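The values are calculated or read from the model by the stated rules, or taken from the named source; none is laboratory data. It should be emphasised that the depicted structure is a prediction, and the values quoted were computed from it without experimental measurement. Positions of Cβ are generated from backbone atoms using ideal geometry, with glycine treated the same way; all protein chains shown enter the neighbour counts.
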Amino acid sequence: MLIEFMKGFTVAGRHLVRYLTGKGSVTFEYPEVRREQPPFFRGRHRLQRYQDGLERCVGCALCAAVCPSEAIYLEARENTPDNRVSAGERYAEIYQIHMLRCIFCGFCEEACPENAIIMGPSYELALYKRTDFIMNKEDMLDSPEKGFGDYHEYDPYISHVTEESDREAMGDPWERTGS
Amino acid sequence: MADQSVHPSLKPAPEDVPFVLNGKEVVGKKGETIITVAAREGVYIPHYCWHPSLSVAGNCRLCLVEVHMPNPRADNKPTPLPKPAIACQTPVVPGMHVFTESELAKDCQSGMMEFLLVNHPLDCPICDRGGECMLQRYSMEYGTGHARMVDKKRKFKKPQADPLIDIERNRCIMCTRCVRFCDEVAGEHVMGVFARGADNYIGTFGQGPVSNILSGNVIDICPVGCLTSRPFRFKARVWELVQTQSTSVWDASGAKVTYWTRSNQLYRTTPPSRKYHETYTINEDTAEFIDNITRFGSDFPAHEDRWEESRVRIGEGLVPAAFREAVRQAARGLTRVREQHGPDALAVLVSPRATMEEGYLAAKFARTVIGTGNVDWRMSFQTAEASDAAALAFSHASGDLEDGFDAVVLVNGDYLHQAPVFAMQVKEYARLNEKPLILIGHHHDAYFAPHASWQLHCRPGETAHVLELLALAVRGNDNAKDQLSAITGAQAEELDKLLQLLGHAHRKGLLIQSLEDMNGANLPQDVPALLGLKSALGEAWDYIPVLRDRNAFGLYAAGAQPGRLPGAEGAVRKAWGLGESAALPVDSGVPARLLAEKIEAGEIKGLLCLGADILHNAPERERLVAALDKLEFFAVTDLFRSEITEKADVFFAAASHLERDGTYCDLEGNLARLVEALPPAGGSRPDWEVLAGIAKEMDGRGFDYSSVAQVFDEMIRLVAPDFAGSFKALMLKGPRNDLTIKDPGGARTRGPEYNPGDYRIDGAHFRWKADPLPTPEKASPAPERQELNEGEFLVTWGEHVQGSDYHLDRASIARLLKMAPTAEMNPEDAYRLGLEDGDRAVVHTGSDSIEVVVKVRRGPAPGVLYIPSGLGDARFAGLSAAPLARLEAVEAGKEAAPAG
């Protein structure tokens, strides 16, 4: 039994040393320090823009159709020469996601033919009022000041999970199976 | 026995052709194509350009099938044809073997799909057709799933030709369905294919609009998203909408429609949707076309003028009140007038857009609770005598288009604009089956004229005389034939052929007469004259009167007019709980047409009006509105705030046609169910609830209804005693019922599944045979002909369905489509005056003058000018029949001359 106690305290002691030396700590000082999310993390939705500032969303409502919890509501309008919002002929005049209904399954970004909706890394979604959980287009749309360099293309097999990142996360599959 | 030289319809029936389809022995008729027989046998062959109602174009090549023909050189063994054949164009041949699902056929289908997608932009996320597109569907079912096209796709500029139809040429696959529809069904050559080869595109001539009243159907039959609806543009995706199978509120033909709704709003109206893979989708191969008024004019309840709560008058103003309070006030007002002035000082008006149940309750309410016969719907007629003639016409009505016909006679009328779908069905049946169309009168519908086998023209006022002469000639009176020839200008041998044909069409004939005010004061003569012709022709001829009012026949049957009970008097007394001695006023009653007169004379003191549109659309609108001030009590149910509802003492917010259940009857006597597609807006109630409420408040017995189905069941037992069935059992037959079903495919539908024939209660049930009128031995004397000087015309007019209407003015079609007044004239007159189609002219009638666009058609008789009333400033309501008019051409670029 003494040996088991020793083993246990060894683990605790190892972590104490790591913490005191500042090398390899596993916890974060959360509000000040934030953990970086993996690229395929499905957090708060983002509506992306083109380089020239036009919205990518054309209001096709495929996201609303595929949504299993019916959290998305949108109404489309036609672009006019005076009011050009998106690159196509139509744009989403109203785009709402009910975040209390959303189950973060990611079907919306998968269904989007324009790569307009994408689930970003943000996971801080607590609010005080229930009505605030209905996110409007303005809440999700990338602001023009933000720049459009960080355009995020949805492709679960190529861009998000590259071979390197896959190996980093999971280890070499060939090594693990030992063949 | 007449032969084929009289008319091509008198040819022998085609012979049977046995052949093999996918290994199964089937039988087609000689001259039929493979795809027609396959469709009948339940074998689906993919197609874009082929449409069952249109001619064969053979340009999409998607219906390629493998055909083996009996080879005479190899002992008649089936041998493969060297190339696959298109099923839509290849006629069936005895002994042929057709394979629609062989390797070769599948290879052809996927290859053709790849070709058709070469220039298609694949902008499905933007396209309104997405979700119900044939191109999407066939790509999934027959396509390869990839494209080898790497070059740039063809691009066109977008034209803005039509206010109702959006053209996006990039998506077009050149099936030419729309071109053929306009040419063949809509009867107007406005669309065409332009340019050559890879550059060809669909367009309208001169970039003009597709002005036809049936043009909206090209949206449905377009297999891709090239032609889409403008009012519906980008409003919603089709899979989000709930479909309700209901019926048109506009078309007296009884067109069945699907209302597509979402969140208490109507988004679009289409012909009935069809089942496809466990879901309901739009029917591209539909033959049940609807008119533009139904398609783009059914959304009027959403107008901003809508009043959604009941109101009662307190002092000068109308203040919102609870429904019960409004009912109490109305009952009190009606009781007061009845006690002071007697029951006959009260009148009940029923809108022609009311359902049969509402008409029945109005009749019951007026006769039992108030005790008067003053209940009527017949406001749209020029004179009270004309409305009586309509009652005579209805009592002789019989026949149904579904049974087909061997010959059809149409008397005076702008049928296409009065009952568009009915007119289309008549023309299409005659055109496709090569049946003879015979037009008689001073104005023939230009829609029928190009297909007419005989046209007998006369002057306004002579129609009855011509019909009497024809009836005499049918009975073998040669003198009458000569007179007919003289008055109509028809050649003697043509008349001989016509008489031979009329005598021969013993299998089934159809006499169709318009009861519209075009004939004005002539209706009382014209109706008996045509009924005389009917009795001369014999039992095999049916008679269908045509009226623009949606539920005219249903209200007539439900007894909502003077002189008519919903059934036999004994049965009615029993059902209404009246003893033998109790008063039941039937024949007494003021026709609606005389209402203004009676109010002015002080004979009518109180009015209950169900649907203010009957007052708004009345020929003497101004006089009526002024007379309403003299009423002691006026209660009205309506949708909108208007100058008439402002005069009401009690206003009931009515539920619109989208918000209530009920039954409509079309002009052939078929029932169609109006299904509640949306919940009633605000505090609005259907009219039957208003009536039942007032009746109960006035201590009327037998008004304890809890649903419209109870009213229907009580009514139908009187109207059609042989009719076995109930509202629920019959109207909700089939897989679709009142519950909203979410199908696996996502489409939500409700409403009855319509099977043709299910709801017919005519014949033995509904129509009681009136004694045929005897044919007079002598024709009435011919009216004297007026000499017309150069440029002078006799004006005849009809209420244009696309024209001004109280409800239609609040629909999207009125907002988008502005139509200029037109005047139709005979080519003879146009040639003499040097006018061409599309020229401008000014018509002077008495003190009025109006600028019109000239249409040169074979419709009006020489010397007759036809002006549809309601378009632009053209208002002819209240004028006497056929006034003399002077026509002056306006030279291009010049302003019209001032009135004078």
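Determine, yes or no, whether B:Lys630 is touching a helix residue (DSSP H, G or I) at 6+ places or on another chain (Cβ under 7 Å), surrounded by fewer than 17 Cβ atoms within 10 Å (Cβ to Cβ) and closer than 15 Å to B:Lys647 by Cα. Yes.
Among the residues of segment A:112-125, write down those that are within 14 Å of chain B (Cβ to nearest Cβ) and surrounded by fewer than 17 Cβ atoms within 10 Å (Cβ to Cβ). Listed by number, the residues that qualify are A:Pro113, A:Asn115.
Looking at segment B:401-412, is at least one residue closer than 29 Å to B:Tyr664 by Cα and among the small types (Gly, Ala, Ser)? Checked segment B:401-412: at least one residue is closer than 29 Å to B:Tyr664 by Cα and among the small types (Gly, Ala, Ser). Within segment B:223-259, being away from chain A (no Cβ under 14 Å), in contact with a Leu (Cβ under 9 Å, 6 or more places away or on another chain), among the polar types (S, T, N, Q) and part of a strand (DSSP E or B) holds for B:Thr244, B:Ser246, B:Thr247. Look at (1) surrounded by fewer than 16 Cβ atoms within 10 Å (Cβ to Cβ); (2) in contact with a Gly (Cβ under 8 Å, 6 or more places away or on another chain); (3) at pLDDT 90 or above and you find that A:Gln37 fails only one, number (3).
Of the residues making up segment B:178-229, those that are under 26 Å from the mean Cα position of the chain (by Cα) and hydroxyl-bearing (Ser, Thr, Tyr) are B:Thr204, B:Ser211, B:Ser215, B:Thr228, B:Ser229. When every residue of segment B:432-440 is checked against the conditions, at least one turns out to be under 21 Å from B:Phe289 (Cα atoms), part of a helix (DSSP H, G or I) and outside the structural domain of B:Ala582 (by TED's automatic domain parsing). Only one entry of B:Leu565, B:Leu530 meets the criterion of being hydrophobic (A, V, I, L, M, F, W, C) and modelled with pLDDT of 90 or more, and that entry is B:Leu530.
Yes/no per residue for (1) assigned to a helix (DSSP H, G or I); (2) in contact with a Phe, Trp or Tyr (Cβ under 8 Å, 6 or more places away or on another chain); (3) of a type in the set (A, V, I, L, M, F, W, C):
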| site | (1), (2), (3) |
| --- | --- |
| B:Ala471 | yes, no, yes |
| B:Lys481 | yes, no, no |
| B:Ala486 | yes, no, yes |
| B:Asp496 | yes, no, no |
| B:Gln500 | yes, no, no |
| B:Leu511 | no, yes, yes |
| B:Ala521 | yes, no, yes |
| B:Val527 | yes, no, yes |
| B:Leu531 | yes, yes, yes |
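Would you check if B:Asp220 is within 26 Å of B:Asn433 (Cα to Cα), touching an Asp or Glu at 6+ places or on another chain (Cβ under 7 Å), at pLDDT 90 or above and not in a loop (DSSP other than H, G, I, E, B)? Answer is yes for this residue.
Being at negative phi and buried (at least 24 other Cβ atoms within 10 Å of the Cβ) is true of B:Ala654. Residues in segment B:86-129 that are part of a loop (DSSP other than H, G, I, E, B) and more than 14 Å from chain A (Cβ to nearest Cβ): 16 in all. Across segment B:13-40, the qualifying residues are those that are part of a loop (DSSP other than H, G, I, E, B) and more than 33 Å from the chain's Cα centre (by Cα), and the one among them that is nearest to B:Cys63 (Cα to Cα) is B:Asn22.
Checked against the criterion of being among the aliphatic types (A, V, I, L, M), over 28 Å from A:Tyr128 (Cβ atoms) and touching a residue at least 24 places away in the same chain (Cβ under 8 Å), the candidates A:Val85, A:Val26, A:Val17, A:Val11 yield just one match: A:Val85. Residue count for segment B:137-168, restricted to those that are within 14 Å of chain A (Cβ to nearest Cβ) and buried (at least 19 other Cβ atoms within 10 Å of the Cβ): 3.
Checked against the criterion of being at pLDDT 70 or above and not assigned by TED's automatic domain parsing to the domain that holds B:Trp454, segment B:875-883 contains one or more residues that satisfy it.
Those strands (runs of 3 or more DSSP E) of segment A:12-111 in which 1 or more residues are within 14 Å of another protein chain (Cβ to nearest Cβ) and within 30 Å of B:Thr228 (Cβ to Cβ) occupy A:72-78, A:90-98.
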